[in-house]
Amino acid sequence: MSSFRKFVTGRSMQLAMREWQIGERWRVPVSAVAFGALLGITGPFGSSAYVPAVRYPFWMVLALAGFGAAAAADRLLPASSSSRKRVPRLIAVAAASALPMTFFVAWAMGVLRPGRTFTPLQLLGLFPYVALVQLLIARILSPDRQTAPDGQTYPDRQMSIAAPVEQVAVAPEYPSEFLSKLPVALRRDIIALEAEDHYLRVHTLHGSAMILMRLADAAAMIDPRLGVRVHRSWWVAKDGVRALERTSGRAIARLVDGTAVPISRTHLPAARTVLPA
């Protein structure tokens, strides 16, 4: 597992992602050329009547323009990570890109056949055919992808590779050098630490024990996600606090066992941030 994590977070994974991003830059033009060549071979919509020397350049130009229009529409329309919204979004991209492409196709056919013009009604009839081609292009441009937290999009297979890294994140634990000073029965469910001279009283749900340690040293070695220091003589565990209260103008942390722990003004902002209100 450690070697897998090193691959995902290390230089090998970074290089792989960089190579994929470089490939992404060429994906649109390469796909457009391949799609144009396919249309040139099949000769759809009656274009097979033209000789290959005319048909191939015609579809290549239209494919490049179509892919460019679809890519622009894909960037302009709001992104969606929901699988249910992928099909409606593909249709939206196709429809949005088909609008300018309809006029472009009409112009291209006018170049191919000088004197050919389209009336508004003919343009309306041409639109569904252009939209169908744009839908195919939109699907080519949008394979199964997910949006990462940084806003970039990556294929599902790469997101699934990165997922185990988050799953193996270890929950915060008390350091062994601290727990080893406590009786075995009191090494869990810690709710607070209280300074008593040069000693430290460790409060748990199962009782308390005194150990030889300064509060400052204990607070420094304990993961800050587990709790916070609220007073020069007190540190409280996040899970050990029921609520923050104010009694006689003083802020206190009410522990789950009912103990009222004073909160000094110096530590009050941090306590409000970490502890439940």
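The values are calculated or read from the model by the stated rules, or taken from the named source; none is laboratory data. The structure displayed is predicted, hence computed values, not measured ones. Please note: Cβ atoms are built from the backbone with ideal geometry, for glycine as well, and neighbour counts cover all protein chains shown. Surface areas here come from the heavy atoms of the whole protein model, side chains and all, with no ligands, DNA or RNA. Shrake-Rupley method; radii C 1.70, N 1.55, O 1.52, S 1.80 Å.
For the reader, a short list of remarks on this structure follows.
- Heavy-atom accessible area ranking, 1.4 Å probe, most first, across MET109, MET213: MET109, MET213
- TRP235 sits with roughly 10 Å² accessible to a 1.4 Å probe, with DNA, RNA and ligands left out of the calculation.
- In the complete set of protein chains, residue-level accessible area for GLU177 is approximately 100 Å², probe 1.4 angstrom.
- Phi-based couplings in Hz for the range 186-191 (Karplus 6.51, -1.76, 1.60; Gly and Pro marked x): 10, 8, 9, 6, 6, 10
- Largest accessible area first, the residues SER248, SER47 order themselves as SER248, SER47 under a 1.4 Å probe with ligands, DNA and RNA left out.
- Projecting the Cα positions of THR259, VAL236, THR247 onto the charge dipole of the range 220-277 (unit charges on Cβ atoms of Lys, Arg, Asp and Glu, taken about the Cα centre) puts THR247 furthest along the positive direction.
- The heavy atoms of TYR199 offer some 110 square angstrom of accessible surface to a 1.4 angstrom probe.
- Among MET101, MET221, the sequence by solvent-accessible area, most first, with a 1.4 Å probe is MET221, MET101.
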